[in-house]
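For reference, the structure is listed below as structure tokens.
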Amino acid sequence: MFRWRQVLFAIRNPRAVFEGSKEPRKQFSTRVTMCDKFKLPVRYGAGEASVWVEYIQLAAEYKPAVNLGQGFPDYPPPQHVIKSLSDIASPDSFLLNQYTRGYGHPRLVQNLSKVYSPLINRQLDPMTEILVTNGAYEALYSAILGHVDEGDEVIVIEPFFDCYDFMIKSAGGVPKFIALKPKPTESELTSNNWVLDEKELTSLFNPKTKMLILNTPHNPLGKVFNREELEVIANLCKKHNVLCLSDEVYEWMVYEPNKHIRMATLPDMWDRTITIGSAGKTFSVTGWKIGWAYGPQKLMRNLQVVHQNCVYTCCTPIQEAVARSFEFELARVNTPECYFNSISRELVSKRDYFVKVLRENGFNPTVPDGGYFIIADWTKLKNKIDLTSERDKYQDYRFTKKFAKEAGVLTIPPSAFYSEQHKHLGEDFARFCFIKKDENLALAEKLMKEWNAKKK
Ligand SMILES: Cc1ncc(COP(=O)(O)O)c(C=O)c1O
């Protein structure tokens, strides 16, 4: 009898059993209160899994033959970069296993100053104007949390790297979105055709506007903002006393004849620009997770405060390895072999190859001018794919999941890069990453051809 009661109680109150309750009713009411008390803080919203978490899980579950989802190379980084790290793991370098300077390892900030000073036409102070962070991700976090206050508005250009929105909201800020839209064109669609409406952009600026986030070269479109476009943004920032957070992690991946222009170099923009870079993207070592921000000392101070109370200091051996890698490249900076120059040459042939593959397989790609992603419209394939078995709200999620399962090629749904009110703008597209081995791009081609052939 006693046992049955226990069993019945366990069925009705599984959590109570799990938590080891002996006094059912009383404990249960306490537990409800505890659940409420320990729910996710409001500033983190509903806490949904990001597209990265969801799609990495998807990849693990369905094991697609080719993963063109996440943005990382599936081939080795430059040899000297690997060597710089392996050299450090020696008993002679034992102090490199210990904490280093919180705002950035001295050898790294000195080299960052050497790399960027000539590019921005001013001497960057390595100690006060550069902060080394845990990937560009933490640089974004420190900049947003360090500058955005309760009720401040931040202008975000869509599609956007998905964490911007979350970081702004968790700082108490209010994101204001404006979407890049493709202009109709007679010739091939390139990322240059995706433009901002100047009137709409102007209308977003008001006394509450604190910051605008720019991403050039752009993820996921590959757009490289030209001088005129940057001037429009810069003039509005100056007129309304707004800070520009310029995410330039793909700064070295720009395809001829486009040129990467750093927002900080536009007239009077240095004083109101924080620029962000990434060792992961620069040296094709995304797992190293070292990034940086640079800008005027008075703006950088706020980032230092966030960083010192959150991360405090980044991994010493990796910072040392990044510093040595920069030294290696600085010694050949004006040669075609320098990785800052060769990476675009290496990637442009992959881009051209894969654009062709996409066109031949029913997609309509936007040719990127920078970065290593291609956004491609998949809607011509609509009548070949039955999406009814997929449950997601947005059709690009349904398409990318079904396509991964049927064709074995994993891509990313771009609606993840739009605000809730504009998600429909991303629904017709899939994002393909092309910084992959030629043989894997060729495998993707084969799989897509086979898939298309089956659907005839
Ligand atoms: C636009 C953009 N910003 C920032 C990051 C984050 O870079 P990291 O890996 O250095 O944190 C990424 C990574 O994909 C990115 O695409």
Among Val254, Val195, Val174, which is under 24 Å from the mean Cα position of the chain (by Cα) and over 30 Å from Gln297 (Cβ atoms)? Val195
Can you pull out every residue in segment 250-271 that is closer than 19 Å to Ser117 by Cβ and in contact with a strand residue (DSSP E or B) (Cβ under 6 Å, 6 or more places away or on another chain)? His260, Met263, Ala264
With the condition being surrounded by 19 or more Cβ atoms within 10 Å (Cβ to Cβ), I'd like the strands (runs of 3 or more DSSP E) fully within segment 346-456 carrying at least 3 qualifying residues. 373-377, 429-433
Restricting to segment 272-298, and then to whatever is in contact with a helix residue (DSSP H, G or I) (Cβ under 8 Å, 6 or more places away or on another chain) and of a type in the set (D, E, K, R), can you tell me which residue is surrounded by the fewest Cβ atoms within 10 Å (Cβ to Cβ)? Lys289
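A quick yes/no check of all residues on (1) under 27 Å from the mean Cα position of the chain (by Cα); (2) part of a loop (DSSP other than H, G, I, E, B); (3) assigned by the TED database to the domain that holds Ala279; (4) surrounded by 15 or more Cβ atoms within 10 Å (Cβ to Cβ):
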site: Ser86; (1), (2), (3), (4): no, no, yes, no
site: Asp92; (1), (2), (3), (4): no, no, yes, no
site: Thr100; (1), (2), (3), (4): yes, yes, yes, yes
site: Leu112; (1), (2), (3), (4): yes, no, yes, yes
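What residue, among those in segment 124-172 that are assigned to a helix (DSSP H, G or I) and acidic (Asp, Glu), is nearest to the ligand (Cβ to nearest atom)?
To start, the set of residues in segment 124-172 that are assigned to a helix (DSSP H, G or I) comprises 135-147, 163-170.
Next, only the ones that are acidic (Asp, Glu) stay: 138, 165.
Values: Glu138: 7, Asp165: 13 Å.
Only one residue tops the list, namely Glu138.
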If you go through segment 41-56 one residue at a time, do you hit one that is aromatic (Phe, Trp, Tyr), more than 22 Å from the chain's Cα centre (by Cα) and over 30 Å from Gly408 (Cα atoms)? no
If Tyr372 satisfies every condition in (1) over 23 Å from Phe166 (Cβ atoms); (2) without any contact (Cβ under 8 Å) to a residue 60 or more places away in the chain; (3) not charged (D, E, K, R) but one, which is the exception? (2)
What are the pairs with Cβ atoms under 7 angstrom where one residue, in segment 276-292, is at pLDDT 95 or above and the other, located anywhere, is near the ligand (Cβ under 7 Å from one of its atoms) and among the basic types (Lys, Arg)? Sequence gap at least six, or different chains. Gly280/Lys289
Taking segment 187-220, which residues are more than 21 Å from Val174 (Cβ to Cβ), surrounded by 17 or more Cβ atoms within 10 Å (Cβ to Cβ) and more than 16 Å from the ligand (Cβ to nearest atom)? Leu189, Thr190, Asn192, Asn193
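Does Leu108 satisfy the criteria of being out of contact with any Gly (no Cβ under 9 Å at 6 or more places or on another chain), farther than 28 Å from Phe326 by Cα and in the same structural domain as Asn215 (by the TED database)?
Working: out of contact with any Gly (no Cβ under 9 Å at 6 or more places or on another chain): yes; farther than 28 Å from Phe326 by Cα: no; in the same structural domain as Asn215 (by the TED database): yes.
For Leu108, the condition - out of contact with any Gly (no Cβ under 9 Å at 6 or more places or on another chain), farther than 28 Å from Phe326 by Cα and in the same structural domain as Asn215 (by the TED database) - is not met.
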So which pairs qualify, if the first residue must be in segment 224-240 and buried (at least 20 other Cβ atoms within 10 Å of the Cβ), the second must be part of a helix (DSSP H, G or I), the Cβ gap must be under 7 Å, and the two must be at least 6 apart or on different chains? Leu230/Met263; Ala234/Met263; Cys237/Arg272
Just checking, how many residues over segment 59-71 are part of a loop (DSSP other than H, G, I, E, B), within 16 Å of the ligand (Cβ to nearest atom) and buried (at least 17 other Cβ atoms within 10 Å of the Cβ)? 3
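Given the options Asn13, Asn97, name the one that is modelled with pLDDT under 80, farther than 30 Å from Pro220 by Cα and of a type outside the set (A, V, I, L, M).
Details: Asn97 fails: modelled with pLDDT under 80.
Checking each option against the conditions leaves just Asn13.
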Listing of strands (runs of 3 or more DSSP E) fully contained in segment 236-343 that carry 1 or more residues being among the basic types (Lys, Arg), more than 14 Å from the ligand (Cβ to nearest atom) and in the same structural domain as Pro175 (by the TED database): none
Go through segment 246-268 residue by residue and tally those that are over 24 Å from Pro182 (Cα atoms) and surrounded by 21 or more Cβ atoms within 10 Å (Cβ to Cβ). 2
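Answer with yes or no whether Leu230 is of a type outside the set (Asp, Glu), modelled with pLDDT of 95 or more and farther than 24 Å from Gly151 by Cβ. Steps first, please.
Working: of a type outside the set (Asp, Glu): yes; modelled with pLDDT of 95 or more: yes; farther than 24 Å from Gly151 by Cβ: yes.
So Leu230 fits the description; yes.
Quick one: is Ile274 β-branched (Val, Ile, Thr), farther than 24 Å from Thr209 by Cα and under 20 Å from the mean Cα position of the chain (by Cα)?
no
The values are calculated or read from the model by the stated rules, or taken from the named source; none is laboratory data. Just so we're clear, the structure is a prediction, and the values are computed from it rather than from any experiment. Heads up, the Cβs are rebuilt from the backbone with ideal geometry, glycines too, and the neighbour counts pull from every protein chain shown.
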